[in-house]
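Participant: Have a look at this one.
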Amino acid sequence: MRNWATWELRSAFAARMAELYGREVPAYTTLVEVASAVNAEVAAREGAAAQRLGSLHRVTAERHGAIRVGTPTELAQVARVFAAFGMYPVGFYDLREAARAAVPVISTAFRPVSADELARNPFRMFTSMLVTDDRRFFPADLQRRLDAFLARRVLFSPELITLADKAIADGGLAGEDAEAFLKLATAAFELSPEPVDRAWYAELEAVSAVAADIGGVTSTHINHLTPRVLDIDELYRRMEGRGVTMIDTIQGPPRWDGPDVLLRQTSFRALAEERLFRGVDGTIAPGSLRVRFGEVEARGIALTEAGRDRYDAMLAEVDRRLATDGGTRAEVAASVWRERLPATELGLLREGLGFFTFAATGAPAPGADLADLADLVESGSLTATPIVYEDFLPRSAAGIFQSNLTDDGSRDDALAAARRDAGWLSDVIGRQVADPIALYAAQQQASLDAATAGAR
Ligand code: OOG
Ligand code: NI
């Protein structure tokens, strides 16, 4: 009987999610076709330069998924399932105020954390949880009924959780258990044929379409699965050329002549899906819901804390100029970037804005003075390879949520917010939610220690 290592389970899970989502949302298949074609063309045209942030093989196979759960209990359970796949919580995203529309959730991303595991398979899952006790969205009576509804449902069966715990304890699973685990884990994110209670769904939808999607039904589902593409502007044009209407912007950094940093994302609303609805008199009738979407992303260099501060300041400057001078966001952003961000990797390194891994070239290190890494790279003693950004951006995530909603819902800012932070989330999950910047910094430092070990 074959043994499945954690990463093999993760790869198989990613493949099964793709198969499931492709069956449920056919536009996804179009998106993957177009993304693969663009990737192959960019790699053929630009060669090694195109693959500086990941091989064509990795980039073309790479996906992130998004799911949404309702309660701390559900989040703790899904965290065990993801831990069995070697995916751990990284980053805390509070989307409640990041969007104009009512998005009453906080999120984290479950992903591999070590460079080795990321190289084997980087599958990650953006996971959002409803904040039902946030009065800005849910009055007390609605919260009480919502909590009761959520407490009655079971998203993750006891068999699934038992197998997850076994995989965590043993660092993988043997043949039959692996098959059963993969099957149950995939099925947990399949769209359920169970009829939707029309009145309940509508009541939540009046507050927030996201709340209805999460708390208006008795199951969860994969919301989207996102391929990675090397040229997102080209992909955007080609999808529109195929008659798919994309949201009106690409979220995140603009297109510009310097290095790709962080994350650029765009999306389109998927088609309405047939669902059954139960009316107040108990009769079942067909209808449709339009909650899922297609998304695609291009990944760039991970930024240091200073780099993120620069990024945030540039975003604010873009907003300021747009408000005072007008123009299109893409143009204004590109000029702010040209003014304020170094246009080369070496420039990012010199200003301490980006993360890199270093390797010794064999050339003698000049005086082993490591104070100025950029000088050592420039003189050829060290090579610096950028570290790819593996995480998400709160403003982009909020923008993606929002641009795929038809109704803004309501949020009353005069009422009390519920307090949430990374520590709260860590307590719920029973595991420290990692700080993305600390992970990149540790990776950079480890490479530097190895590269300079001989020089000291
Ligand atoms: C998640 C929205 C955010 C991303 O990649 O930032 C997102 C959701 O819709 O559940 O997908
Ligand atoms: Ni996404």
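Participant: Sort out which residues of segment 94-129 are touching a strand residue (DSSP E or B) at 6+ places or on another chain (Cβ under 6 Å), closer than 22 Å to Val81 by Cβ and more than 16 Å from ligand 2 (Cβ to nearest atom), and write them in order of number.
Facilitator: Val113
Participant: What tally of residues in segment 261-280 results from selecting those that are of a type outside the set (Asp, Glu), part of a strand (DSSP E or B) and either under 21 Å from Thr385 (Cα atoms) or more than 16 Å from ligand 1 (Cβ to nearest atom) (or both)?
Facilitator: Pass one, segment 261-280, residues of a type outside the set (Asp, Glu): 261-272, 275-280.
Checking the rest, the ones that are also part of a strand (DSSP E or B) come to 261, 263-269, 275-278.
So of that shortlist, the ones also either under 21 Å from Thr385 (Cα atoms) or more than 16 Å from ligand 1 (Cβ to nearest atom) (or both) come out as 261, 263-264, 275-278.
Number of matching residues: 7.
Participant: Check whether at least one residue in segment 249-260 is of a type in the set (Ser, Thr, Tyr), within 14 Å of ligand 1 (Cβ to nearest atom), touching a residue at least 12 places away in the same chain (Cβ under 8 Å) and open to solvent by less than 20 Å² (accessible area, probe 1.4 Å), and report yes or no. Steps first, please.
Facilitator: First pass over segment 249-260, keeping only residues of a type in the set (Ser, Thr, Tyr): 249.
Okay, now just the ones that are also within 14 Å of ligand 1 (Cβ to nearest atom), so 249.
Subsequent filtering for residues that are touching a residue at least 12 places away in the same chain (Cβ under 8 Å) retains 249.
If we keep only those that are open to solvent by less than 20 Å² (accessible area, probe 1.4 Å) too, we end up with none.
Checking segment 249-260: not a single residue is of a type in the set (Ser, Thr, Tyr), within 14 Å of ligand 1 (Cβ to nearest atom), touching a residue at least 12 places away in the same chain (Cβ under 8 Å) and open to solvent by less than 20 Å² (accessible area, probe 1.4 Å).
Participant: Checking the conditions here, which among Ala302, Ala313, Ala306 is closer than 21 Å to Glu351 by Cβ, open to solvent by 10 Å² or more (accessible area, probe 1.4 Å), touching an Asp or Glu at 6+ places or on another chain (Cβ under 9 Å) and of a type in the set (A, V, I, L, M, F, W, C)? I'd like the intermediate steps shown before the answer.
Facilitator: On the way: Ala302 fails: open to solvent by 10 Å² or more (accessible area, probe 1.4 Å); Ala313 fails: touching an Asp or Glu at 6+ places or on another chain (Cβ under 9 Å).
Just one listed residue meets the conditions, Ala306.
Participant: Okay, next question. Any idea which residue in segment 395-432 is farthest from ligand 2 (Cβ to nearest atom), counting only those that are in a helix (DSSP H, G or I) and open to solvent by 50 Å² or more (accessible area, probe 1.4 Å)?
Facilitator: Step one: of segment 395-432, the residues in a helix (DSSP H, G or I) are 395-403, 422-429.
Remaining after also requiring open to solvent by 50 Å² or more (accessible area, probe 1.4 Å): 395, 424, 427.
Values: Arg395: 13, Trp424: 23, Asp427: 25 Å.
By that ranking, first place goes to Asp427.
Participant: Please find, within segment 241-294, the residue that is farthest from Leu353 (Cα to Cα) out of those that are hydroxyl-bearing (Ser, Thr, Tyr) and touching a Gly at 6+ places or on another chain (Cβ under 8 Å).
Facilitator: The first filter runs over segment 241-294 and keeps only residues hydroxyl-bearing (Ser, Thr, Tyr), leaving 245, 249, 266-267, 283, 288.
Adding the requirement that they be touching a Gly at 6+ places or on another chain (Cβ under 8 Å) leaves 249, 267.
Working: Thr249: 26, Ser267: 28 Å.
Selected residue: Ser267.
Participant: Okay, next question. Considering each of Gly22, Gly86, Gly65, Gly54 in turn, give the residue that is within 24 Å of Phe401 (Cα to Cα), away from ligand 1 (no atom under 16 Å from the Cβ) and not basic (Lys, Arg).
Facilitator: Numbers: Gly86 fails: within 24 Å of Phe401 (Cα to Cα); Gly65 fails: away from ligand 1 (no atom under 16 Å from the Cβ); Gly54 fails: within 24 Å of Phe401 (Cα to Cα).
Residue meeting the stated conditions: Gly22.
Participant: Moving to a separate point now. Identify all residues within segment 233-279 that are out of contact with any Pro (no Cβ under 7 Å at 6 or more places or on another chain) and among the hydrophobic types (A, V, I, L, M, F, W, C); write none if there are none.
Facilitator: Leu235, Met239, Val244, Met246, Ile247, Ile250, Trp256, Leu263, Phe268, Ala270, Leu271, Ala272
Participant: Still on this structure: Which of the residues spanning segment 97-116 are at pLDDT 95 or above and within 16 Å of ligand 1 (Cβ to nearest atom)?
Facilitator: Scanning segment 97-116 gives Pro104, Val105, Ile106, Ser107, Thr108, Ala109, Phe110, Arg111.
Participant: Tell me whether segment 383-392 contains one or more residues that are aliphatic (A, V, I, L, M), more than 16 Å from ligand 2 (Cβ to nearest atom) and open to solvent by 30 Å² or more (accessible area, probe 1.4 Å). Explain how you work it out, then say what you get.
Facilitator: Step one: filter segment 383-392 for residues aliphatic (A, V, I, L, M), giving 384, 387-388.
From what's left, more than 16 Å from ligand 2 (Cβ to nearest atom): 384, 387-388.
Filter again for open to solvent by 30 Å² or more (accessible area, probe 1.4 Å), leaving none.
No: zero hits.
Participant: Among the residues of segment 84-112, which ones are closer than 14 Å to Phe392 by Cα, hydrophobic (A, V, I, L, M, F, W, C) and in contact with a Leu (Cβ under 9 Å, 6 or more places away or on another chain)?
Facilitator: Those that are closer than 14 Å to Phe392 by Cα, hydrophobic (A, V, I, L, M, F, W, C) and in contact with a Leu (Cβ under 9 Å, 6 or more places away or on another chain): Val90, Phe92, Ile106.
Participant: Conditions first: (1) more than 16 Å from ligand 1 (Cβ to nearest atom); (2) at pLDDT 95 or above; (3) under 18 Å from Trp7 (Cα atoms). Ala119 passes all but one, so which condition is the exception?
Facilitator: Going through the list (1) more than 16 Å from ligand 1 (Cβ to nearest atom); (2) at pLDDT 95 or above; (3) under 18 Å from Trp7 (Cα atoms), Ala119 breaks only (2).
Participant: Among Ala298, Ala343, which is the only one that is at pLDDT 95 or above and in a loop (DSSP other than H, G, I, E, B)?
Facilitator: Matching residue, one of Ala298, Ala343: Ala343.
Participant: Considering segment 265-280 alone, what residues qualify as being open to solvent by 30 Å² or more (accessible area, probe 1.4 Å) and either modelled with pLDDT of 95 or more or not charged (D, E, K, R) (or both)?
Facilitator: In the first step, residues of segment 265-280 are kept if they are open to solvent by 30 Å² or more (accessible area, probe 1.4 Å); the result is 269, 271-272, 274, 276, 278, 280.
Those that are open to solvent by 30 Å² or more (accessible area, probe 1.4 Å) and either modelled with pLDDT of 95 or more or not charged (D, E, K, R) (or both): Leu271, Ala272, Leu276, Arg278, Val280.
Participant: Please work out which one of (1) under 30 Å from Ser36 (Cβ atoms); (2) within 16 Å of ligand 1 (Cβ to nearest atom) is the condition Leu303 fails and give its number.
Facilitator: Condition not satisfied by Leu303: (2).
Participant: Continuing with the same structure: Does Leu20 satisfy the criteria of being over 15 Å from Ala298 (Cβ atoms), surrounded by 14 or more Cβ atoms within 10 Å (Cβ to Cβ) and not charged (D, E, K, R)?
Facilitator: On the way: over 15 Å from Ala298 (Cβ atoms): yes; surrounded by 14 or more Cβ atoms within 10 Å (Cβ to Cβ): yes; not charged (D, E, K, R): yes.
Judged against the criteria, Leu20 is a match.
Participant: Sort through Thr328, Thr361 and tell me the only one that's in contact with a strand residue (DSSP E or B) (Cβ under 8 Å, 6 or more places away or on another chain), hydroxyl-bearing (Ser, Thr, Tyr) and open to solvent by 60 Å² or more (accessible area, probe 1.4 Å). If you could, list the steps in order and put the result at the bottom.
Facilitator: Details: Thr328 fails: in contact with a strand residue (DSSP E or B) (Cβ under 8 Å, 6 or more places away or on another chain).
None of the other options fit; the residue is Thr361.
The values are calculated or read from the model by the stated rules, or taken from the named source; none is laboratory data. As the structure is a computational prediction, the values presented were derived from the model and not from experiment. Here Cβ is always computed from backbone atoms with ideal geometry, including for glycine, and neighbour counts include all displayed protein chains. We work out accessible area using only protein heavy atoms, side chains counted, and drop any ligands, DNA or RNA first. Shrake-Rupley method; radii C 1.70, N 1.55, O 1.52, S 1.80 Å.
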